[in-house]
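> My questions all concern the structure below.
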Amino acid sequence: SVASEVARMVGQVPAEVLRRLAAPWDFDCSEPGVALGGVSLLPGVPCPRQSLRTSETSWYMPILHNRQLFDLHMESHFVFIFDVRGKSRWEAAFGVVQTVFVVIVLAIAALLFSRDVDKLVLHPIERMIGKVEVIRKDPLLATRLGENGDNAPPSSVKDRRNLSKLKATSVLLETQILENTIIKLGSLLALGFGDAGVNIIAENMFDSNARVTVKIPGTKVEAIFGFCDIRNFNVITDVLKERTMVFVNQVADIVHRVVDQHLGAANKNLGQSFLLVWQFNRFDSRRRRKLADLSVVAFVQVVSALTRDLKLSEMSAHPLLTSRMPGFRVSVGFGLHLGWAIAGAIGSEFKIDASYVSPHVNLATQLEDATDEYGVTMLMSEPLVRECNPDFRRCFRPIDNVQLPGSSKATQIFTVDMDTRYLRYVDRTSRRKPESRSQALKAREKRRADFLQESYRVHEVLVTDRYLRAMRQHLSL
């Protein structure tokens with residue numbers, strides 16, 4: 001039967017539902033323009049259409065097989081309205097969960113993207129700006145920027161793996177290339193201009209336009225000027241030919257390194273000669289005496305290091321050198337003088353050099369020229385000797401009282417006696433433990449800070465250093 005077929009399809013109909021369906025359909029839910037009546041199976045809701053939202057109901061109408069017959073005999077038709085509020089609630093809850101999930105995913109994606117942007121763009125740009133500011137304030141610090149933090153050797157296994165992956169791909173980000181370029185350009189500026197060019201770099205870095213200003217007034221400074229010259233250079237050049245550059249750079253490495261350790265700075269490389277400077281204005285006025293002592297000890301240490309260097313000894317053993325100068329050893333002459341000078345840029349828009357201009361610089365050169373005449377390695381002027389520690393002065397030997405060219409009055413000149421024949425060649429590279437450049441920088445800064453300590457007595461190194469003691473063992477006090 002039909003009843004049994006319906007029961008099979010929709011299940012057992014509750015008795016209460018059957019009772020309501022059997023009762024008269026007297027609920028009037030008509031609306032303007034629509035006559036609607038029937039029965040509601042929802043307790044307390046006589047008109048679901050008016051009480052529920054459209055999204056909370058679902059409407060179904062029977063299918064008409066004969067539309068003409070329906071229009072002819074029927075004035076209305078059945079509409080079944082179902083309550084789907086439970087389904088709507090689940091759909092709403094699912095929509096909320098879906099929205100929250102999408103928001104979380106977008107937030108995580110934004111954070112990851114922002115982290116990549118910060119890591120690959122913003123942080124490198126901030127570092128570059130910071131390094132430019134450092135160079136603007138103190139151009140000489142540019143040479144140390146590449147030794148810190150970012151370029152330090154990897155300390156963990158993970159860092160080393162990442163570094164090996166980067167090397168394997170051989171790809172650098174553009175920001176990293178720019179950052180390295182800024183460091184290298186700053187380092188080249190600092191190395192090229194030195195102490196004398198600090199104002200030139202700073203003035204142009206602080207300028208708001210892109211044009212380079214080279215004609216900048218100089219600055220008067222008081223300093224110790226040291227002039228170092230490689231002896232027998234013409235013969236060395238004639239024999240070593242192309243290897244002369246290797247020889248000069250090896251000497252320069254030793255001279256510059258030792259002078260830097262003793263708070264000085266290299267200013268000019270003139271082929272066979274070097275101009276070294278100890279500026280007083282870069283240190284406290286109470287350090288004048290110590291700087292004077294350090295300048296003298298620096299040149300004594302240079303003589304010791306050059307004599308003991310194994311690489312230079314191998315070049316000195318060249319057959320042509322020994323045949324033309326039997327018993328040849330690398331030797332240099334030094335001139336030291338204290339005075340004032342004008343530090344600044346010399347040249348034009350085509351080429352500039354940062355240097356010191358003063359008759360006192362020339363006096364240091366003339367003192368070095370006179371070392372051959374007196375048969376000594378070093379000559380010091382009286383103004384410099386007066387600035388040295390009295391205990392240190394006892395180690396100096398007065399040589400003569402002369403009036404140097406360009407000087408208005410006579411001055412006494414002094415030397416520090418030393419004999420390099422008592423020193424043997426030492427391979428200074430093999431005995432030093434390998435260390436990173438950042439470690440070398442920290443050691444250098446610590447050494448320089450130790451030199452400035454009040455308790456450090458510079459002249460005592462002549463006794464405590466075994467190589468300096470050996471060079472002076474033939475002397476009697």
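The values are calculated or read from the model by the stated rules, or taken from the named source; none is laboratory data. Model, not experiment: these values are computed from the prediction. In this analysis, Cβ positions are derived from the backbone assuming ideal geometry, glycine residues included, and neighbour counts consider all displayed protein chains. Note: areas computed on protein heavy atoms with side chains; ligands, DNA, RNA excluded. Shrake-Rupley method; radii C 1.70, N 1.55, O 1.52, S 1.80 Å.
> Using amide H atoms built 1.01 Å from N in the peptide plane, name the residues 5+ places from I399, or on other chains, whose amide H lies under 5 Å from its own.
Correct list: I413, F414, T415.
> Order 391-400, 263-272 from most to least packed using the mean count of other Cβ atoms within 10 Å.
Ranked from most to least packed, the peptides come out as 263-272, 391-400.
> Next question, about the same structure. Go through segment 260-271 residue by residue and turn each phi into a ³J(HN,Hα) via Karplus (6.51, -1.76, 1.60, θ = phi - 60°); whole Hz please, and just put x for glycine and proline.
With the stated coefficients, segment 260-271 comes to 5, 4, 9, 6, x, 8, 7, 10, 9, 10, 10, x Hz.
> In what sequence, highest mean first, do 449-460, 328-339, 301-312, 280-291 appear when ranked by Cβ atoms within 10 angstrom?
For the peptides 449-460, 328-339, 301-312, 280-291, the packing ranking is 328-339, 301-312, 280-291, 449-460.
> Apply the Karplus curve 6.51 cos²θ - 1.76 cosθ + 1.60, θ = phi - 60°, to the phi angles in segment 461-474 and return the couplings in whole Hz, x for Gly and Pro.
5, 5, 9, 7, 7, 5, 6, 5, 5, 5, 5, 10, 6, 7
> While we're on this one: Would you calculate the separation in nanometres between label points at K87 and E133, each defined as 7 Å from the Cα along the Cα-to-beta-carbon direction?
Here the answer is 6.4 nm between the modelled labels.
> Still on this structure, I have one more. Using 0.36 nm times the number of residues separating D391 and I342, minus their current alpha carbon distance, what extension gain do you get?
Answer, rounded to one decimal: 14.5 nm.
> Apply 1/(1 + (r/R0)^6) to the Cβ-Cβ distance of D417 and E454, taking R0 = 35 Å, and write down the FRET efficiency to the nearest 0.05.
Rounded to the nearest 0.05, the efficiency is 0.75.
> Evaluate E = 1/(1 + (r/R0)^6) for N180 and Y374, where r is the Cβ-Cβ distance and R0 equals 45 Å; express this FRET efficiency to the nearest 0.05.
In this case the efficiency is close to 0.35.
> Tally Lys and Arg at +1 and Asp and Glu at -1 over the other residues with C-beta under 15 Å from the C-beta of R397: what net charge comes out?
Net charge around R397: -1.
> Turning to a different aspect of this structure: Using Cα centres only, tell me the gap between segment 348-374 and segment 84-131 in whole Å.
67
> Using a 1.4 Å probe, what is the accessible area per residue for segment 246-298, in Å²?
Computed with neighbouring chains in place, this is 35 Å² per residue.
> List the residues, sorted by chain then number, that are 5 or more residues from K268 or on another chain and whose placed amide H is less than 5 Å from its amide H.
L275
> Let me ask something else about it. Is there a quick way to get the dipole size of segment 292-373? I mean about its Cα centre, with the Cβ of Lys and Arg at +1 and of Asp and Glu at -1; what is the value in debye to the nearest 20?
So the magnitude is around 300 debye.
> Now for a different question. Please compute the modelled spin-label separation between L36 and Q12, points set 7 Å along Cα→Cβ, answer in nm with one decimal.
3.4
> So how much slack lies between R243 and Q50, counting 0.36 nm per residue of separation and subtracting their Cα-Cα distance, in nm?
Answer, rounded to one decimal: 59.0 nm.
> Post the alpha-carbon centroid distance, segment 240-274 to segment 323-341, in whole angstrom.
Segment 240-274 and segment 323-341 have Cα centres separated by 12 Å.
> Also, quick follow-up: Need one number: nm distance between label points at N281 and Y60, each 7 Å from Cα along Cα→Cβ, rounded to one decimal.
Label at N281, label at Y60, 9.9 nm between them.
> What does the extension gain come out to for V121 and Q403, with contour length at 0.36 nm per residue minus their alpha carbon separation?
95.1 nm
> Could you rank W340, W90, W278 by how accessible they are, 1.4 Å probe, largest area first?
W90, W340, W278
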